[in-house]
Amino acid sequence: MKGTMLIGREALNLRLEVYQKNMTNGVADTLRKSGGEVIRVAEPKTPIETGELRRRAFNEGPLKSGKNHVQVVGYEKHAGEWDKNRAYAVPVHENMQAKHPTGEAKFLEHAVEEVSGDLLAYMAKELKKVHP
């Protein structure tokens, strides 16, 4: 019986390792796709003057933070490295008084609100593809 349990344990451990790797990769891929969906929805909401702000959108990750994986979506990833007169995503995003011919204030926040209800269902559906 001990020999059978040992073989069973080894087989189970191998299967769990494969499952863990597949799930980790599946979660990472799904997080990236989810971040891309936020950017896709935010883009038409992003004000256009020159188009520069839209080009500064980024979707990075997932990044590991302790036991958590985090997907970072935003604008002006390297804003701290730019001349302060060229970094403008936050003021454009936050200025509720501005009248934009195209786009709106709170463009990223509105995109997150719009897709957030669907993201968990989307992630669950995508992860079922990894391990039905």
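Values quoted throughout were computed directly from the atomic coordinates according to the rules given, and no laboratory measurement underlies them. Since this is a predicted model, take the numbers as computed values, not measurements. Glycine also receives a Cβ, built like all others from the backbone with ideal geometry; neighbour counts cover every protein chain displayed.
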30 Å Cα-Cα threshold exceeded, pairs from Lys45/Lys67; Lys106/Lys128; Lys106/Lys129; Lys77/Lys99: Lys45/Lys67; Lys106/Lys128; Lys106/Lys129
(1) 14, 46, 31, 9, 1; (2) 11, 31, 25, 16, 9, 5, 3, 0; (3) 12, 34, 29, 19, 6, 0, with the label sought being that of the calculated P(r) over Cα pairs in 10 Å bins from 0, in percent: (2)
Amide H partners (placed H, <5 Å) of Gln71, local residues excluded: Leu63
Residue (of His78, Asn59, Asn95) at the positive-pole extreme of region 2-130, dipole from beta-carbon charges: Asn59
Dipole moment magnitude, nearest 20 debye, the chain about Cα centre, only Lys, Arg, Asp, Glu C-beta charged: 640 debye
